[in-house]
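Engineer: Sharing a structure, written as structure tokens. Questions coming.
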Amino acid sequence: MLFAPLTDGRVGAMMPAMRADDLRPDLAFDTLAVHAGAEPDELTGAVAPPIYQTSTYAQDGVNRPRGGYDYARTVNPTRDRLQRAVAALEGGGEGIAFASGSAATAAVSELAAPGSEIVVGDDVYGGTYRYLEKVRRGNGVDARYVDLAGDPDALWEAMSERTRLVWFETPTNPLLKVIDIGAAARTIRERFDGRADRPLLIVDNTFASPALQRPLDHGADVVFHSATKYLAGHSDTVLGIAVTRDAAIAERLRFLQNAMGGVPGPFDCFLVLRGLKTLHLRVARHVENGTAVAAFLATRDDIEWLVHPALNEGRHAHPQGDAAATQMHGGGGMVSFRPAPGGRHGRTSAERAVAIAEATRIFTLAESLGGVESLIEVPAQMTHMSVAGSPLQVPDDLVRLSVGIEAAVDLIADLRQALDAS
């Protein structure tokens with residue numbers, strides 16, 4: 001059997017939810033993607049995970065809930081399945097799901113107490129910057145933004161005795177910097193000489209997904225996702241999830257999940273569970289198409305700057321290509337570029353960026369990423385408006401692509417006509 005049974009032999013009697021560690025460790029990622037959290041329903045044998053659309057549960061006696069199920073904010077069987085599924089895909093540990101990626105950000109940031117500081121990569125989602133600056137800083141937690149993809153000594157020098165968390169995305173949003181997770185983990189441990197109170201390493205794995213990299217395997221303490229993106233994969237739900245192998249951290253995050261109340265509904269959990277079944281297939285196509293689109297853009301003289309983790313030669317070779325090749329199984333489906341000024345109408349580069357984004361026909365002009373459909377946006381005026389005027393401000397001529405799973409030839413033709421028309 002792939003999984004341990006979930007019942008004690010009585011019809012309808014549920015045992016406590018499995019941990020991801022109960023799955024056979026020798027299963028391939030593709031097999032885990034299909035089966036993790038998807039064991040047949042305990043009561044009926046239904047193959048599709050049941051949606052437990054309930055707010056509360058009948059108890060067998062006063063303070064005697066069945067299988068620990070007492071109230072749905074605290075625990076829900078559909079959410080249990082999702083949490084252990086994502087934990088399995090991240091290589092083990094415990095998953096804790098939240099109502100959105102931003103809710104996961106808020107909960108994880110609570111691991112830093114007032115009076116402490118967080119060292120943050122200098123290229124992050126605008127909502128992360130907004131929360132750290134507009135909420136946590138007001139609560140006495142300072143954030144220090146550092147280029148963790150450049151100088152290898154930058155992290156060592158940035159940390160202090162007040163540092164509680166080291167936090168970054170890789171690849172980053174939207175500049176697609178790649179930060180060496182293993183090197184960061186080693187730096188933290190060496191800087192604090194193996195102390196138990198060392199800073200925790202937090203990695204946002206949204207842009208890669210566990211299909212391409214597993215940060216816990218490289219020394220991260222917590223990995224989290226906006227599951228809205230690649231994990232769900234169909235632009236039809238909003239959800240966040242964190243995974244850790246540290247029991248004490250998991251306990252704290254579960255407490256925050258319940259106390260803060262930012263939990264996902266069961267139907268949203270079901271949608272992400274459904275998406276996980278094809279994660280490996282979708283990401284493989286995202287990688288294939290993202291690489292093809294990046295290669296096409298690299299041939300254009302009217303592209304001033306271009307980045308994709310798999311570009312390894314020419315004037316657009318990725319500066320952290322070695323790190324990407326070491327910790328990622330492919331470059332991913334995200335591509336960012338800056339057009340050169342000029343074009344058909346003699347526009348500035350920022351004007352061309354807007355014109356390109358508004359001229360595509362297959363790429364949809366929209367925020368978000370990681371869905372099966374291709375998206376295009378101008379971050380400075382969309383997802384990253386909250387970093388305007390800060391050291392994290394992104395170029396106003398930057399265009400970000402989320403390359404979907406359509407035919408690459410059609411995606412390239414769409415970009416060609418948009419570029420030519422701009």
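The values are calculated or read from the model by the stated rules, or taken from the named source; none is laboratory data. The model shown is predicted, which means the values in this text are computed figures rather than measured ones. Glycine gets a Cβ as well: all are built from the backbone with ideal geometry, and neighbour counts include every protein chain shown.
Engineer: Write out, first by first residue and then by second, each pair whose Cβ atoms fall under 7 Å of each other, whose residues are 6+ apart or on separate chains, and whose first residue, in region 261-277, is assigned by TED's automatic domain parsing to the domain that holds residue 95 while the second is among the hydroxyl-bearing types (Ser, Thr, Tyr).
Structural biologist: Cβ pairs passing all conditions: 266/52; 266/78; 268/237; 269/78; 270/78; 271/237; 272/237.
Engineer: Within region 215-251, take every residue that is surrounded by 17 or more Cβ atoms within 10 Å (Cβ to Cβ) and among the charged types (D, E, K, R) and give me the one that is nearest to residue 401 (Cα to Cα).
Structural biologist: Among those residues, the one meeting the criterion is 229.
Engineer: Among the helices (runs of 4 or more DSSP H) confined wholly to region 312-422, which include 2 or more residues that are touching a Phe, Trp or Tyr at 6+ places or on another chain (Cβ under 7 Å) and farther than 29 Å from residue 147 by Cβ?
Structural biologist: Ranges flagged: 408-421.
Engineer: From the list 105, 44, 78, pick out the single residue that is within 24 Å of residue 278 (Cα to Cα), out of contact with any strand residue (DSSP E or B) (no Cβ under 7 Å at 6 or more places or on another chain) and either of a type in the set (Ser, Thr, Tyr) or free of Cβ contacts under 8 Å to residues at least 12 places away in the same chain (or both).
Structural biologist: 78
Engineer: Would you check which residues across region 339-354 are surrounded by 19 or more Cβ atoms within 10 Å (Cβ to Cβ) and in contact (Cβ under 8 Å) with a residue 60 or more places away in the chain and list them?
Structural biologist: Those that are surrounded by 19 or more Cβ atoms within 10 Å (Cβ to Cβ) and in contact (Cβ under 8 Å) with a residue 60 or more places away in the chain: 339, 343, 352.
Here is a yes/no grid of residues against (1) touching a Gly at 6+ places or on another chain (Cβ under 7 Å); (2) aliphatic (A, V, I, L, M):
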residue	(1), (2)
93	no, no
110	no, no
141	no, yes
169	yes, no
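Engineer: Among the residues of region 39-87 satisfying the criterion of being of a type in the set (D, E, K, R) and assigned to a helix (DSSP H, G or I), which is surrounded by the most Cβ atoms within 10 Å (Cβ to Cβ)?
Structural biologist: Checking each candidate, the answer is 79.
Engineer: Scan region 205-241 residue by residue and report those that are assigned to a loop (DSSP other than H, G, I, E, B) and either of a type in the set (D, E, K, R) or in the same structural domain as residue 287 (by TED's automatic domain parsing) (or both).
Structural biologist: Answer for region 205-241, where residues must be assigned to a loop (DSSP other than H, G, I, E, B) and either of a type in the set (D, E, K, R) or in the same structural domain as residue 287 (by TED's automatic domain parsing) (or both): 214, 221, 229, 236.
Engineer: Could you tell me which of the residues 282, 300, 254 is of a type outside the set (A, V, I, L, M, F, W, C) and part of a loop (DSSP other than H, G, I, E, B)?
Structural biologist: Answer to the selection: 300.
Engineer: Continuing with this model, one more query. Can you tell which of 297, 281, 311, 306 is more than 21 Å from residue 378 (Cα to Cα) and buried (at least 19 other Cβ atoms within 10 Å of the Cβ)?
Structural biologist: Within the list 297, 281, 311, 306, the selection yields 311.
Engineer: Out of 388, 357, 324, report the one residue that is in contact with a His (Cβ under 7 Å, 6 or more places away or on another chain), within 25 Å of residue 101 (Cβ to Cβ) and not assigned by TED's automatic domain parsing to the domain that holds residue 143.
Structural biologist: None of the others qualify; the one that does is 324.
Engineer: Hey, another quick one. What's the number of the condition residue 404 fails, among (1) within 22 Å of residue 229 (Cβ to Cβ); (2) touching a residue at least 60 places away in the same chain (Cβ under 8 Å); (3) crowded, with 21+ Cβ neighbours inside 10 Å; (4) touching a Lys or Arg at 6+ places or on another chain (Cβ under 6 Å)?
Structural biologist: Tallying (1) within 22 Å of residue 229 (Cβ to Cβ); (2) touching a residue at least 60 places away in the same chain (Cβ under 8 Å); (3) crowded, with 21+ Cβ neighbours inside 10 Å; (4) touching a Lys or Arg at 6+ places or on another chain (Cβ under 6 Å), residue 404 fails exactly one: (4).
Engineer: Surrounded by fewer than 19 Cβ atoms within 10 Å (Cβ to Cβ) and at pLDDT below 95, is that true of residue 140?
Structural biologist: Criteria not met by residue 140.
Engineer: Please enumerate the residues belonging to region 101-118 that are more than 29 Å from residue 269 (Cα to Cα) and either within 15 Å of the chain's Cα centre (by Cα) or outside any loop (DSSP other than H, G, I, E, B) (or both).
Structural biologist: Scanning region 101-118 gives 117, 118.
Engineer: What tally of residues in region 119-158 results from selecting those that are more than 26 Å from residue 100 (Cα to Cα) and in a helix (DSSP H, G or I)?
Structural biologist: 5
Engineer: Free of Cβ contacts under 8 Å to residues at least 60 places away in the same chain, at positive phi and either part of a helix (DSSP H, G or I) or surrounded by fewer than 19 Cβ atoms within 10 Å (Cβ to Cβ) (or both): is that true of residue 194 in this structure?
Structural biologist: Yes: the conditions hold for residue 194.
Engineer: In region 254-269, is there at least one residue being hydrophobic (A, V, I, L, M, F, W, C), surrounded by 24 or more Cβ atoms within 10 Å (Cβ to Cβ) and in contact with a helix residue (DSSP H, G or I) (Cβ under 9 Å, 6 or more places away or on another chain)?
Structural biologist: yes
Engineer: Here is a follow-up. Of the conditions (1) part of a strand (DSSP E or B); (2) hydrophobic (A, V, I, L, M, F, W, C); (3) in contact (Cβ under 8 Å) with a residue 60 or more places away in the chain, residue 306 satisfies every one except a single condition; which number is it?
Structural biologist: Every condition holds for residue 306 apart from (3).
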